[in-house]
Amino acid sequence: MSSEPSIIFSDPNERQGSFLRRTFVLGGLTTLGGLALTGRLAQLQVFQAHEYSTLASQNQFNFRLVPPPRGRVLDRNGVVIAGNRPSFRVLVVRDETKDLDQTLDLLGRLLPDTLDRRRTIIRDVNAAPRFSPVPVKSDLTWEEFARVNLYANELPGVMADMNEARFYPFGGAFAHVIGYVAKVSDRDIKAIRDKGEEPPQILYNPGFRIGRQGLEKSLDKDLRGEAGGTRVEVDARGRVVAEDIGGSRPAVPGKDVVLTLDADVQNRALEVFDDESGSCVVMDVRNGDILCMTSSPSFDPNLFVGGVPTSIYRALADYERKPLLDKAINGTFPPGSTFKPATALALLAAGVNPAQRVVCTGSFRNGNRTQRCWGVHGSQDMHNAIKNSCDVYFYSMCNRAGVDGIRDAALKLGFEHEFDIGVGNQRKGLLPSTAWKRRTFPRDPVWHPGETTSVAIGQGAVLVNALQLAVYTSRLANGRKAIQPRLIKSVGGVERPSGGDVPDLEFSREHLEIVRQGMIAVANDTSGTAYRQSQLGLGDIQMAGKTGTAQSRDYRPGQSRKSNVWAEKDHNLFIAFAPIDAPRYAVAVIIEHGGRGGGTAGAPRAREVMRTALLKDPEMRDRITRPLPPEPTGPQIDEGDIGAAPEPDIPATPEPQAPRAAAPSATSGPRPYNPDAPQ
């Protein structure tokens, strides 16, 4: 049986229908795609044309911040004490280098000292924003600058330019009051954010500096200025190919700050201290202007601008005389006998008759304890007790006012205060009271009369700083106003309020005059404790003062106060004002662990600083031409240093012509010491 082949014919109408359906679907999809593409093109080219044009421009142009020139700091006569100077530097842009390590190797051949800071440089470069130049070394010499430019083609991503660096022309003379600038740290950024503020972008610029201490820190925003910017054209890799001058804006310099300080007086103060530790403050008693506020020993703030080496910083920080500490406002000391005028005013306010006499036999019995005076003074009234600095008089009379009365008088004179001078971080010191005793010693809360004797002569728990001593002296000298200190004269041309626009002192004129006459006798009576060291030699201009010697540690019964160890020596102090007939300037000097009486160590230095201040004053210079009065002769007694006590060999003050920075030797030979100096 055989099968026959069969032939199947498809329907042509069916094939045609299938083709038409596919064509229809594809055509529809094509049409929809075309419509979508047309719509998207319309959106991009018509509706969003401006937006994408802006983005394209931003990709083509970058805006780079330019740090502003920092404002200058000037003294009262326009002398620059903190300014800016040209500085050559070399920078690295990481994103323009093929190999950072290789680039730094090549750069190290040209600048060998960069090899020692390689790790720090790499850290700074990695932390910098993209395409941001990072300073590798500043203050290049001309030879180094030329060498880098000569090999610039072989150093991709390396450039050398000239910028402005902070400069302190007087070195350490103003270091504590002005402070210094330094790199912005993570802690600075965090401190700003902790205040709820957003850090300005300029702070992320690797070459930007901010104030770190002193006025540089407290007035940083005024001195900082406003950052400018350069609009540059970049290629696809972000490299600069051109600058858009029209799109750039100049930086606004920081404001100039004018201080009340006088560069000559400030330099002279640091000069006469030589290697001694301590501080000196000079004020105008009429308006509170601070002419000098120095701390010794000092340091060179220029070292900190580019980053001080760790070894140098450790040497400064570990030195026992603390050069980094501002002793004028941060160092507190017992005032010693310089506090006695305050005690005298408290006694007068309590009704003590200034003519009442106390016999000084050289000691005072206080319960079962004997307190010694530095000498045997015989019968003493208040005037002579101040002139002779008789401890026994104040031991005997102090409880007539009591510790609270003494504290009240001292508060009115400026102690235990922080003053608004534009510099923070001041230490208030301490004026003890019955309330303080209860808070501090709950196991023995009662104030005993025997404790008042130490407070009355500026010992015990009493602590003050040099600025407070100067304010205190200024108020005594002025005699009418509770003078406030002023350090900043103007910021950006805007004058700051005078320190003379203040309330009256809360003491009677008669009481103040009694104390002032005692201070005049200290420096001008031949038996005063500072007569020999207080003669100015400036015509008929005379100075009033008060000496002080304060123990720096407790002594066991029978233990000698004489020591060759610097940290165990007593402090010595001196306060003064001049002229006595029309007071104009007040000075306070603290010699830390000076080891001699205030009249021997402090007074000669105060005299030289006062001479400089007076010689700078045109009215005082006119008085110098008057003939000198006959010089009295007679015995000279110096508190805390009876007998042969040579004063420091301080060079005479020339008439100030230009600021001085050199510091000639101030002392020579052994330092005589009196073991019975007042406590």
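The values are calculated or read from the model by the stated rules, or taken from the named source; none is laboratory data. Please read these numbers as outputs of a predicted model, since none were measured by experiment. Heads up, the Cβs are rebuilt from the backbone with ideal geometry, glycines too, and the neighbour counts pull from every protein chain shown. For accessibility, only protein heavy atoms count, side chains too; no ligands or nucleic acids. Shrake-Rupley method; radii C 1.70, N 1.55, O 1.52, S 1.80 Å.
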| task | Alpha carbons only, please: Rg and Dmax for the stretch 94-173, in angstrom. | result | 13.8, 47
| task | Could you estimate the translational diffusion coefficient of the stretch 243-322 from the Stokes-Einstein equation, with Rh from the Kirkwood formula over C-alpha pairs, at 25 °C and 0.890 mPa s, in whole µm²/s? | result | 151 µm²/s
| message | Ratio of alpha-carbon Rg to the 2.2 N^0.38 Å globular estimate for the stretch 431-559, to two decimals, please. | response | 1.39
| In whole Hz, what ³J(HN,Hα) sequence does the stretch 134-147 give by Karplus (6.51, -1.76, 1.60; θ = phi - 60°), x for Gly and Pro? | 10, x, 9, 8, 10, 6, 5, 6, 4, 5, 5, 4, 5, 5
| q = 0.13, 0.15, 0.17, 0.27 Å⁻¹, the stretch 450-506: log10 I(q)/I(0) [Debye, one scatterer per Cα] | -0.50, -0.61, -0.72, -1.04
| With r defined as the distance between the Cβ atoms of Arg117 and Arg85 and R0 fixed at 30 Å, what FRET efficiency is calculated, to the nearest 0.05? | 0.85
| request: Determine how many Å³ per residue the convex hull of the Cα atoms of the stretch 501-627 encloses. | output: 159 Å³
| query | Over the stretch 361-491, what number does the Rg to Rh ratio reach, with both radii from the alpha-carbon atoms and Rh per Kirkwood? | reply | 1.03
| remark: Residue-normalised value, i.e. accessible area per residue, for the stretch 279-391 at 1.4 Å probe, in Å², stands at 35 Å²
| task | Can you send over the carbon and sulfur percentage of the accessible area for the stretch 370-519, probe radius 1.4 Å, protein chains only? | result | 48 percent
| note | In the stretch 111-215 the accessible area split gives carbon plus sulfur, as whole percent at 1.4 Å, a share of 52 percent
| Accessible surface, per residue, of the stretch 501-613 when the full set of protein chains is kept, probe 1.4 Å, Å² | 31 Å²
| request: Search the structure for amide H atoms under 5 Å from the amide H of Ile81, placed 1.01 Å from N in the peptide plane, and list their residues when 5 or more places away or on another chain. | output: Val73, Leu74, Asp75
| request: Please compute P(r) over all alpha-carbon pairs of the stretch 112-222, binned at 5 Å starting from zero, and give each bin as a whole-number percent. | output: 2, 9, 15, 20, 18, 16, 11, 6, 2, 0
| Under Stokes-Einstein, with the Kirkwood radius over Cα pairs standing in for Rh, what whole-number D in µm²/s applies to the stretch 300-367 at 25 °C and 0.890 mPa s? | 143 µm²/s
| note | Given backbone amide H placed at 1.01 Å from N, residues whose amide H is under 5 Å from that of Ser248, ignoring those fewer than 5 places away on the same chain, are Arg231
| said: Just the number please: accessible area per residue for the stretch 94-236, 1.4 Å probe, all protein chains included, in Å². | reply: 54 Å²
| remark: XL table Lys489/Lys569; Lys217/Lys562; Lys387/Lys428; Lys327/Lys412; Cα-Cα > 32 Å flagged, in table order, is Lys489/Lys569; Lys217/Lys562
| query | Which far-off residues, 5 or more places away or on another chain, put their amide H under 5 Å from the one on Arg486, with H placed in the peptide plane? | reply | Asp289, Ile290
| Which loop-located trypsin sites (Lys or Arg not before Pro) does the stretch 134-181 contain, where loop means any DSSP state but H, G, I, E or B and the Cβ has at most 10 other Cβ atoms within 10 Å? | none
